[in-house]
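First comes the structure, then the notes that go with it.
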Amino acid sequence: MERLLRWYLWTVDGVVIALCMIFLARASSTVIERNLLSRGSTATQTWRQPATTAPVYTKEVEDILKRNIFCSTCPPIVSEDGSGPGPTTAAAPPLQPTSLNLKLLAIMFAPRPTDPRRSVAIIRDNDGKSAGPYYIGSQLRAATIDEIAADRVYLDFGGGRREYLDLLDHPRPAPIDPVTAALPKPADPLAAELDRGIKKLGEHTYEVQRSTLDTLLGNMPALAVGARIVPEAKDGKPAGFRLLSLRPDVPFTKIGLQNGDVVAAINGLDMNSPDEALLAYTKLKTANHLSVAILRNGQKITKDYNIR
């Protein structure tokens, strides 16, 4: 009897447990279904198709003529209220040679990655009878030095007006006269002066006449045309200036310098700044001896010049 009673109680317990599991499964499925439906309804409610408005184009003849014929969607486009494009700004004056009575004598150009503010331009004011060095940002009469290029200086007068000074003038070639062309050409006075006043005494020793030196110092355009001078840097620091584009008949070649030479020091003054270069230039007028330290193909060479 006891065994039968135990079997009955176990059967009842099993049925109760089964019913609880069925109720739990139905409740879980109902909760999951409600969550899915709520998410779907939220996504349906929040999603909206973006409104698209077609652009309205102006029908004015002048605006149509200004439109890019190769781009159908480019401006001018007007809004739906029919208002046209905004007012156009006045065009800047064209870049032109300066009207000031100035002469660009020489440029010490600092190419990138060197700081362009290291560039120096020697400009002569023909009206004021003066000449001097100018940097980027320097004031020159009513203009400001805006940029210094390898052979040109740009002046900013404000209001979009910019003018320039050229280092080398490019006049139109005169027509060739066959009679004049057949005559022997006169000797170049500067070349003749260099041949007469510069004498090579040794491999790195020269004798220079005082009159020849004065002629060179008074003819800055000839020195500027004779070579392209660019600053030299080593380990990110100034290390003199390099001579480029030398020709056989220029003054630098006559005194033994070669294309690619780096002038590192003059009479002990390191050429690591424009101020040192200008100081050395000033002392040339009274010096009796010059010692120029140069770097040529990685080797240090000293050139000595005795001035008589």
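The values are calculated or read from the model by the stated rules, or taken from the named source; none is laboratory data. For clarity, every value in this text was computed on a predicted model and none was experimentally measured. Note that we place each Cβ from the backbone using ideal geometry, even for glycine, and neighbour counts take in every protein chain shown.
Got at least one residue in the stretch 126-134 being outside the structural domain of residue 228 (by TED's automatic domain parsing), in contact with a strand residue (DSSP E or B) (Cβ under 9 Å, 6 or more places away or on another chain), modelled with pLDDT of 65 or more and not in a strand (DSSP E or B)?
yes
Is there any pair linking a residue in the stretch 294-308 that is hydrophobic (A, V, I, L, M, F, W, C) to one that is surrounded by 12 or more Cβ atoms within 10 Å (Cβ to Cβ) and not in a strand (DSSP E or B), with Cβ under 8 Å and at least six apart or on different chains, and which?
294/257; 294/261; 295/261; 301/204; 307/209; 307/210; 307/213; 307/287
Restricting the stretch 282-307 to residues that are among the hydrophobic types (A, V, I, L, M, F, W, C) and outside any loop (DSSP other than H, G, I, E, B), which is farthest from residue 207 (Cα to Cα)?
Selected residue: 295.
Report whether or not residue 284 is under 23 Å from residue 245 (Cα atoms) and either of a type in the set (A, V, I, L, M) or outside the structural domain of residue 213 (by TED's automatic domain parsing) (or both).
Taking the combined requirement at face value, the residue does not satisfy it.
Select the helices (runs of 4 or more DSSP H) contained entirely in the stretch 185-258, then report the ones holding at least 1 residues which are modelled with pLDDT of 75 or more, among the polar types (S, T, N, Q) and touching a Lys or Arg at 6+ places or on another chain (Cβ under 9 Å).
210-217, 251-254
With the requirement that a residue be of a type in the set (Ser, Thr, Tyr), within 21 Å of the chain's Cα centre (by Cα) and modelled with pLDDT of 90 or more, what does the stretch 93-124 give you?
119
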